[in-house]
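Have a look at the structure below, then the notes.
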Amino acid sequence: MKNKKYLILFTMTAMLCVMWVSVLGGGKSKNHKYQEYIKKAEQHEQKEAYITAADNYLKALKIYPDDYGLMIKSAENYMKCDDRNGFLQYCDMAADKNASADEPYLLKAEYYSKAEEYEDAINILNCAPKKDMGDKVERMLSTLQYKFSDSYHSYSDMKYFYDGYASVQNEKGHWGIADSEGNIRLTARYDEIGGAYNKDKDIVSVCEGGEWYFSDLKGRKKYVPDNYYSFLGTYSEGFAPFEYKGKYGYMDLEYNEYSCEFDYAGAFLNGVAAVKKNGKWALIDTRFKNVTEFIYDDIKTDCYGFCINDPVITVSRNGEEYNINKNGKKTDNDMKYSCGLTPVCDDNMWGYADMSGKMVIEPQYQDVNPFTETGTASVKENGSWHVIKLYSYK
């Protein structure tokens, strides 16, 4: 009986030894196969046989499925052989495996950037953890900051964007309204458009067949003045300037008229408008009270009748041109930056410079308008106007 117990114990020990030998031998064989696949992958990489290299890295990854480095290697080789799906799949896998790693995001951003898919590149970098390679992420974002796309729409004339909309003229000389993508939103059928589109009220002043009125973007008459005006401007901050029998004044949407005494009246913005009387200019507020006296030889207004080019108003007096603020006080501010850029002319061609003075969109246009806060601008190239749009950044 005692011998039988010893026999059972011996048998169990022997079986356990066999199992461990098998496990250790299997582990050795597993590691050996892994090293073989890595070696083959590296050999194929050197010969630029990237798809075969990727296949071998994947075989190694099946042996050690949590190997972050193999995921990156697989992604890199798929990128080199232009297998988009494979590349993105293993980048995403690597990002899921190592949540603090920036490398997968940088790889994807580089891929999108080379494909000129700048918006995707920027979005990917903005999602990066910015930990182990955060400086590199920020540097790449900086290089993409002023990349832009061109609209395929073009027009014979185009004003600047105000609140996401711009007046445009087609090849037949008719005017309409386009959105920030350059798409027509109000059919170009009008003789003139007098001002900027007011998005809150859904109105813009138009002239059709000699008649001025306010239309919505569907081309329907919305407000028609009682008098037959010879001009109707931008409706803003409760009033629109008009011209009637050679004098300018202001009207509201109840058709009430105010201060019909000016030789010119501009549109209100930030509480002020430029007006001219007896050869001199002044600023008034929305109560039609003087902010300044009529002391200026000129106050610059833009194509929509606004005098403020934030944060300044440009005036001329006694042969001197300088800037004032909306309170009429002289100011040293002189240039407006939108999206960090301002238009700059060099050798009769226009581009855009940043606040340091660096030209970041090279002079290549015959004319340009400033960027809006949403990153769109109208530019003139080869005799026609179209829209450029900055890709988002941060």
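Values computed for the structure shown
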{"read-out": "Length added when fully stretched, E208-K277, from 0.36 nm per residue minus Cα-Cα", "value": "22.0 nm"}
{"read-out": "Cα-Cα pairs of the stretch 69-167 separated by more than 24 Å (percent)", "value": "35 percent"}
{"read-out": "Shape box of the stretch 193-236 [Cα atoms, principal axes, largest first, Å]", "value": "25, 19, 17"}
{"read-out": "Calculated SAXS-style log₁₀ I(q)/I(0) at q = 0.10, 0.13 Å⁻¹ - the chain, Debye, Cα scatterers", "value": "-0.81, -1.09"}
{"read-out": "Solvent-accessible surface (1.4 angstrom probe) belonging to D310, in square angstrom, nearest 10", "value": "70 Å²"}
{"read-out": "Accessible heavy-atom area order of K289, K336, highest first, probe of 1.4 Å", "value": "K289, K336"}
{"read-out": "Neighbour-limited loop hits for trypsin sites (Lys or Arg not before Pro), the stretch 141-226 (at most 13 other Cβ within 10 Å; DSSP other than H, G, I, E, B)", "value": "K172, K199, K218, R220"}
{"read-out": "Full-stretch length increase - C303, S142 - with 0.36 nm per residue and alpha-carbon distance subtracted", "value": "54.6 nm"}
{"read-out": "The chain: angle of helix 118-127 to the longest principal axis, Cα-based, in degrees nearest 10", "value": "60 degrees"}
{"read-out": "Filtered trypsin sites (Lys or Arg not before Pro), the stretch 89-137: DSSP coil and at most 16 other beta carbons within 10 Å", "value": "K131"}
{"read-out": "Centre separation in Å (Cα based) which lies between the stretch 315-394 and the stretch 184-208", "value": "24 Å"}
{"read-out": "Solvent-accessible area per residue, Å², over the stretch 253-394 with all protein chains present [probe radius 1.4 Å]", "value": "51 Å²"}
{"read-out": "In degrees, nearest ten, helix 68-80 long axis to first principal axis of the chain (Cα)", "value": "60 degrees"}
{"read-out": "Helix axis angle, 2-46 relative to the chain longest principal axis, alpha carbon, degrees", "value": "40 degrees"}
{"read-out": "With at most 13 other Cβ atoms within 10 Å, longest stretch of the chain clear of loop GluC sites (Glu not before Pro) (DSSP)", "value": "172-253"}
{"read-out": "Rg followed by Dmax, in Å, when the stretch 279-379 is reduced to its Cα trace", "value": "15.6, 45"}
{"read-out": "Stretchable slack from K329 to N227, in nm (0.36 nm times residue separation minus alpha-carbon distance)", "value": "33.0 nm"}
{"read-out": "The chain - percent of accessible surface contributed by carbon and sulfur, probe 1.4 Å", "value": "48 percent"}
{"read-out": "For the stretch 118-212, average projected area of the Cα convex hull in nm²", "value": "8.1 nm²"}
{"read-out": "Value at 222 nm in deg cm²/dmol, rounded to 500, when DSSP H runs of n ≥ 4 in the chain each add -39,500 (n - 2.57)", "value": "-10000 deg cm²/dmol"}
{"read-out": "Area of W350 that stays accessible when all protein chains are in place (1.4 Å probe, Å², to 10)", "value": "70 Å²"}
{"read-out": "Partner lysines for K201 [C-alpha distance under 18 Å; skip if fewer than 8 residues away on the same chain]", "value": "K218, K221, K222"}
{"read-out": "Computed accessible area, V344, all protein chains, 1.4 angstrom probe, square angstrom", "value": "40 Å²"}
{"read-out": "Greater than 19 Å apart at Cα, pairs in K199/K245; K300/K329; K277/K329; K300/K380", "value": "K199/K245; K277/K329; K300/K380"}
{"read-out": "Volume per residue of the C-alpha convex hull in the stretch 191-287, rounded to whole Å³", "value": "93 Å³"}
{"read-out": "Spatially proximal lysines relative to K131 (Cα-Cα < 29 Å; intrachain offsets below 8 disregarded)", "value": "K62, K73, K80, K97, K108, K114, K147, K394"}
{"read-out": "Extent along principal axes [Cα atoms of the stretch 85-125; Å; largest to smallest]", "value": "28, 20, 11"}
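The values are calculated or read from the model by the stated rules, or taken from the named source; none is laboratory data. This one's a predicted model, so the numbers in the text were calculated from it and none came from an experiment. FYI the Cβ positions are ideal-geometry reconstructions off the backbone, even for glycines, and counts take in every protein chain you see. Please note that ligands, DNA and RNA were not included when accessible areas were found on the heavy atoms of the full protein model with its side chains. Shrake-Rupley method; radii C 1.70, N 1.55, O 1.52, S 1.80 Å.
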